[in-house]
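Okay, handing you the structure first.
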Amino acid sequence: MPRARLVPLRPLAAAEEPPSLAWVPTANASLEERAAALRARFGASFACACERCSYEARGGSVGAPLVALARDAMEDGRLAAATAMLRARVSACRTDGDAWMLLGTALLGSERWTAAHEAWRAGAELAPHHALLGRQCRKDRSYRADGVAAAAGGAEGAAPCEVHALAGGGPACKVVVSRSPLFSAAECERAVAAAEAHAAKSGGWTTSRHRAVPTTDVPVHEVPELLRWFNHAMAGRIAPLLAAQFRVAAADIRVHDAFLVRYSASGGQAHLPLHTDESVLSLTVVLNDEFEGGGTFFADLRRSLSPPVGHLVAFHGRALHGGEPIVSGVRYIVAAFLYVAELNKEQHKPNGERKQRKMDGRTARR
Ligand SMILES: O=C(O)CCC(=O)C(=O)O
Ligand SMILES: [Fe+2]
């Protein structure tokens, strides 16, 4: 039983070989390995003329469709190759916004957080009309204006936490829960009211900001009152706690994304499937208690953590977790995805492949 039918788009000449499909595993195969596999299939004189083989055979980028090749490379998980192609593209054409955007994404996939955000910033300056770059940079600026970068001091005075170790070992493999509330009930109520008011006047809660595992949320940076509160809390209360618990410098913590999430038992989203976050560190802040069920579920702990209003739960972004279903009421939290700036180290990093995440089939939220 054929699995695919090839349909020619023009009449084939009598002497012409009918089209066929051959599958050669290419992701990590070198040009020579691929050529050998194709010769074995099609005969000793076969030479592949696809864009990738031509590009690699030339050993250079002149005239190659670098952005398309980079997209393919990213799908294969060849992030260093994609990064090199996109760097070549943006140095040849400094105003190619799509290439800058994709460069940031490739760097992010290699967990080069600072370099990714730098690429988006540089791209937004050089391609000022690129909508996505513009949006990304406005977001970055919102969280930096008076936010975490201003966090003074270190871990002194950080709120104490209850610590749950996760499998895998290492100081970062843990979930911490604040022992006392970091936020008053009144602050939490105001945050929820601000998000609800924003959703009411701006066409509702967003449900598709993350491609994998989306939440029903309102981005913190789009609500001025929430942003002021969150930035102030990051600098004064959250960053010192994270610095103390995860051995990072408070002033190096950066916000990649932050959003106020709404779960509802009666229609809408009642839970969040298991996933890892697009972050180095993540946190949730509990904003209300008018619900049953709920909490942040951790696969390693085999249970949910659901502290009272105003408490914070923080964990490494790679920890497998989800939002436990609520069975009644509405649950609100703030969730934030953070990374740690590597200002000087980043500039000296070789282009080589670092520990990579595959871009497809991932459970990471994006
Ligand atoms: O609902 C929760 O506590 C978890 C939320 C979460 O994991 C996320 O927004 O990425
Ligand atoms: Fe998450």
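Counting Lys +1, Arg +1, Asp -1, Glu -1, what net charge surrounds ALA193 among other residues with beta carbon under 12 Å of its beta carbon?
Taking every Cβ under 12 Å from that of ALA193, the sum is -3.
If you filter segment 75-109 for trypsin sites (Lys or Arg not before Pro), then keep DSSP loop positions with at most 15 other Cβ within 10 Å, what is left?
For trypsin sites (Lys or Arg not before Pro) across segment 75-109 that sit outside H, G, I, E and B with at most 15 neighbouring Cβ atoms in 10 Å, the list reads ARG94.
A follow-up question, please. Need one word for segment 196-307: rounded, prolate or oblate. Basis is the Cα gyration tensor (sqrt eigenvalues a ≥ b ≥ c); a/c below 1.5 gives rounded, then a/b vs b/c decides.
Oblate is the answer for segment 196-307, as a/c is 1.5 or above yet b/c matches or exceeds a/b.
Hey, what angle do you get for helix 79-92 against the long axis of the chain, alpha-carbon based, 0 to 90 degrees rounded to 10?
So the helix axis and the longest Cα principal axis differ by about 80 degrees.
Same structure, new question: Hey, what D do you get for segment 1-68 in µm²/s if you plug the Kirkwood alpha-carbon radius into Stokes-Einstein at 25 °C and 0.890 mPa s?
The calculation lands on 170 µm²/s.
Please compute, for the alpha-carbon atoms of segment 31-141, the extent along each of the three principal axes and give them in descending order in Å.
In descending order, the Cα extents are 57, 26, 18 Å.
Further question: Quick one: P(r) of the chain from all Cα-Cα pairs, 20 Å bins, percents rounded to integers, in order of increasing distance.
Calculated over all Cα pairs of the chain, the distribution is 25, 49, 21, 4, 0 percent.
Same structure, new question: Tell me what the chain gives for mean residue ellipticity at 222 nm when only DSSP H runs of n ≥ 4 count, each as -39,500 (n - 2.57), the sum divided by the residue total, rounded to 500 deg cm²/dmol.
Details: 11 runs with 127 residues, N = 366.
It lands at -10500 deg cm²/dmol.
At 0.36 nm per residue, and after removing the present C-alpha to C-alpha distance, how many nm does the segment from ARG179 to GLU292 gain when stretched out fully?
38.5 nm
Tell me, in nm to one decimal, what length is gained between ALA44 and ALA14 on full extension, where the rule is 0.36 nm per residue of separation less the Cα-Cα distance?
Here the segment from ALA44 to ALA14 would lengthen by 8.4 nm.
Treating the beta-carbon of each Lys and Arg as +1 and of each Asp and Glu as -1, no other charges, what is the dipole magnitude of the chain about its Cα centre, to the nearest 20 debye? Could you put the intermediate results ahead of the total?
Details: 44 positive and 37 negative charges, 134 e Å.
Magnitude of the dipole: close to 640 debye.
Round to the nearest 0.05 the FRET efficiency obtained for ARG209 and GLU32 when R0 = 30 Å and r is the Cβ-Cβ distance.
The formula returns an efficiency of 0.10 here.
Per-residue HN-Hα couplings for segment 108-119, Karplus 6.51 cos²θ - 1.76 cosθ + 1.60 at θ = phi - 60°, whole Hz, x for Gly and Pro?
In residue order, the calculated couplings are 4, x, 8, 6, 9, 4, 5, 5, 4, 5, 4, 4 Hz.
To continue, here is another question. Taking 10 °C and 1.306 mPa s as the conditions, I'd like the Stokes-Einstein D for segment 153-340 in µm²/s, using the Kirkwood hydrodynamic radius from alpha carbon pairs.
97
Between ARG138 and ALA167, what is 0.36 nm times their sequence separation minus the Cα-Cα distance? Round to one decimal in nm.
6.7 nm
I need two numbers for segment 162-249: Rg to one decimal and Dmax as a whole number, Cα atoms only, in Å.
16.0, 46
None of the figures in this text is laboratory data; all of them are computed from the coordinates on show. Nothing here was measured: the structure is a model prediction, and the numbers come from that model. Heads up, the Cβs are rebuilt from the backbone with ideal geometry, glycines too, and the neighbour counts pull from every protein chain shown.
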